[in-house]
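A short worksheet on the structure shown next.
The values are calculated or read from the model by the stated rules, or taken from the named source; none is laboratory data. Since the model is a prediction, treat every value here as computed from it, not as a measurement. So basically every Cβ, Gly included, is an ideal-geometry build from the backbone, and we count neighbours across all protein chains shown. Just so you know, the surface numbers come from the protein's heavy atoms only, side chains and all, with ligands and any DNA or RNA stripped out. Shrake-Rupley method; radii C 1.70, N 1.55, O 1.52, S 1.80 Å.
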Amino acid sequence: MRKNLAAVLLLPLAVAACGSSAASSSRPPLVVSAASSLTKAFTDYGKQFPEADVKLSFAGSDQLAAQIRQGVTPDVFASANTKLPEALFTEGKVERPTVFAANRFVLAVPAGSKITSLEDLTKPGVTIAAGSPAVPIGAYTRETLALLPRTERAAIEANIRSNEPDVAGIVGKLTQGAVDAGFTYVTDVRATNGKLRAISLPASLQPKVAYGVAVVKGARHAAQARRFIAGLLHGRGERDLRAAGFLPAP
């Protein structure tokens, strides 16, 4: 067991093990730390990855990057932006990152909601969930809001009731009825199987949502990690990303 792996298990992450117990006895474990928005695609891909028994840890990209900076060493780090992998590369924590997918930023509401546009979010009493400023979804949200007229932006910001650590928190607030609307990715709306509805934003307000992935320096199974990443670009992983609604890398 690698150094500091116990620290990962103590953190409040959603962890999934892919593969059978029989497979895990003959294949090495591959630890993949990934943004929460990749849960569906990576879970499907991990189950079919032939080179290793994939162990998935999902959380906010900033939290996963912080763990790597603190000495935790997964084999693969996949982020909902390119900024964090590039920063870790500059710090010598990961190998050179690769952009492997894109996503679409949307306004999400419960399926039966009467909300149809950003303008509806300015009304008094409307409650909104967003990502915290440090996590990619929160940064994308503030990038979009900064493009709105000042009064409209201020009204929407005043209605934000929750700043979540990842998209899973935003989706949870929406599906539980705790808020009226939330800013997230279209893939996360799609994964709710009809519980939520996505409201598209004008192209002029759409941030460039690109996902970066890298092999972590000191990875125990670097060769398998590189093949896992290769499959995200050309192979089963790429197909699972498309099936989950992700777009090709820009």
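Listed here are the strands (runs of 3 or more DSSP E) enclosed by region 20-108 that have at least 3 residues being touching an Asp or Glu at 6+ places or on another chain (Cβ under 7 Å): 29-35.
When residue 30 is tested against (1) modelled with pLDDT under 95; (2) open to solvent by less than 60 Å² (accessible area, probe 1.4 Å), exactly one condition is not met: (1). Annotation: of all residues in region 176-192 being part of a helix (DSSP H, G or I) and touching a Ser or Thr at 6+ places or on another chain (Cβ under 9 Å), the one that is farthest from residue 208 (Cα to Cα) is 188. The number of residues in region 98-144 that are under 27 Å from residue 65 (Cα atoms) and either among the small types (Gly, Ala, Ser) or out of contact with any strand residue (DSSP E or B) (no Cβ under 6 Å at 6 or more places or on another chain) (or both) comes to 17. Working only within region 117-137, note down all residues that are in contact with a helix residue (DSSP H, G or I) (Cβ under 9 Å, 6 or more places away or on another chain) and either under 26 Å from residue 84 (Cβ atoms) or touching a residue at least 60 places away in the same chain (Cβ under 8 Å) (or both). Across region 117-137, the qualifying residues are 118, 121, 128, 129, 130, 131, 132, 133, 134, 135, 136, 137. The C-beta contact set for region 226-250 (first residue open to solvent by 70 Å² or more (accessible area, probe 1.4 Å), second residue of a type in the set (Asp, Glu), distance under 7 angstrom, 6+ apart or interchain) comprises 227/51.
Determine whether region 93-110 contains at least one residue that is free of Cβ contacts under 8 Å to residues at least 40 places away in the same chain and either open to solvent by 60 Å² or more (accessible area, probe 1.4 Å) or under 19 Å from residue 200 (Cα atoms) (or both). For region 93-110, residues free of Cβ contacts under 8 Å to residues at least 40 places away in the same chain and either open to solvent by 60 Å² or more (accessible area, probe 1.4 Å) or under 19 Å from residue 200 (Cα atoms) (or both): absent.
No other residue among 114, 173 is among the basic types (Lys, Arg), out of contact with any helix residue (DSSP H, G or I) (no Cβ under 7 Å at 6 or more places or on another chain), surrounded by fewer than 23 Cβ atoms within 10 Å (Cβ to Cβ) and assigned to a loop (DSSP other than H, G, I, E, B) apart from 114. Note on region 207-223: residues that are within 21 Å of the chain's Cα centre (by Cα), under 11 Å from residue 74 (Cβ atoms) and among the small types (Gly, Ala, Ser) amount to 1. Taken together, the residues in region 211-228 that are part of a strand (DSSP E or B) and either among the hydrophobic types (A, V, I, L, M, F, W, C) or out of contact with any Phe, Trp or Tyr (no Cβ under 9 Å at 6 or more places or on another chain) (or both) amount to 4.
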